[in-house]
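Working notes, beginning with the structure itself.
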Amino acid sequence: MTVLPQNRRDLTSLGYPPINIFALPFTGDGFQLGDRMIPATIALRRELKGRLESGQRFDFGIRPEAVTINSALPHVMGTVISVEPFGDHLVVRAELPGPGGVFPIAFLLATDESAPAVGSVVPLKFDLKQMALFDLGTGDRIFPRDAE
């Protein structure tokens, strides 16, 4: 079970590595991350109908376990900066190109999976059913409303 706190500031106490957070603009179809667009899910559009405006910025959150290396229609491309063992997983840290710099991201691999080499560029896909949105100003979670 994934637990999502009511506020972004509480994220640091839940899980290792902590949730990935990106301040991203909503484009009308999704969220712009560098030259890539992360699509808005039907559930998100339904729940926030009338509250999403193009150009509005949100803190987009995605847990490391909801990020996978997947060359079939990846959401983003990341450059691997480190791979470290953590129990029965590997924690992979990468950088995503974004406006004005890079966004750090962490994701998990099972220890029996091939680890990407540091410096390699990997295609990353997000399980958007596990995404969360937080108000950029207050940090309050606005999607999903009733997460466990």
Q. If you go through segment 13-28 one residue at a time, do you hit one that is among the hydrophobic types (A, V, I, L, M, F, W, C), surrounded by fewer than 19 Cβ atoms within 10 Å (Cβ to Cβ) and modelled with pLDDT under 90?
A. yes
Q. Since PRO116 meets every condition but one in (1) buried (at least 18 other Cβ atoms within 10 Å of the Cβ); (2) assigned to a strand (DSSP E or B); (3) at pLDDT 95 or above, which condition does it not meet?
A. (2)
Q: Of the conditions (1) under 19 Å from the mean Cα position of the chain (by Cα); (2) part of a strand (DSSP E or B); (3) without any contact (Cβ under 8 Å) to a residue 60 or more places away in the chain, ILE142 clears all except one; give me its number.
A: (3)
Q: Can you tell me which residue among THR68, THR138 is surrounded by fewer than 14 Cβ atoms within 10 Å (Cβ to Cβ), of a type in the set (Val, Ile, Thr), under 20 Å from ILE19 (Cα atoms) and out of contact with any Asp or Glu (no Cβ under 6 Å at 6 or more places or on another chain)?
A: THR138
Q | Residue within segment 7-24 that is within 19 Å of THR138 (Cα to Cα) and among the small types (Gly, Ala, Ser) present | A | yes
Q: List every residue pair whose Cβ atoms lie under 8 Å apart, where the two residues are 6 or more positions apart in sequence or sit on different chains, the first residue falls within segment 25-45 and is free of Cβ contacts under 8 Å to residues at least 40 places away in the same chain, and the second residue, located anywhere, is among the charged types (D, E, K, R) and surrounded by fewer than 17 Cβ atoms within 10 Å (Cβ to Cβ).
A: PRO25/ARG57; PHE26/GLU53; PHE26/ARG57; MET37/ASP29; ALA40/ASP29
Q. Can you pull out the residues in segment 29-54 that are among the small types (Gly, Ala, Ser), loosely packed, with under 14 Cβ neighbours inside 10 Å and under 18 Å from LEU136 (Cβ atoms)?
A. SER54
Q | From ARG63, ARG93, ARG57, residue being among the basic types (Lys, Arg), at pLDDT 90 or above, surrounded by 13 or more Cβ atoms within 10 Å (Cβ to Cβ) and farther than 23 Å from ILE142 by Cβ | A | ARG93
Q) Pick from segment 100-112 the residues that are surrounded by fewer than 18 Cβ atoms within 10 Å (Cβ to Cβ) and farther than 13 Å from GLU84 by Cα: which of them is nearest to the chain's Cα centre (by Cα)? A) PRO104
Q | Residue among LEU73, LEU108 that alone is touching a helix residue (DSSP H, G or I) at 6+ places or on another chain (Cβ under 6 Å) and either over 22 Å from ARG9 (Cα atoms) or not in a strand (DSSP E or B) (or both) | A | LEU108
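The values are calculated or read from the model by the stated rules, or taken from the named source; none is laboratory data. Given the structure is predicted, the values throughout are model-derived calculations rather than measurements. In this analysis, Cβ positions are derived from the backbone assuming ideal geometry, glycine residues included, and neighbour counts consider all displayed protein chains.
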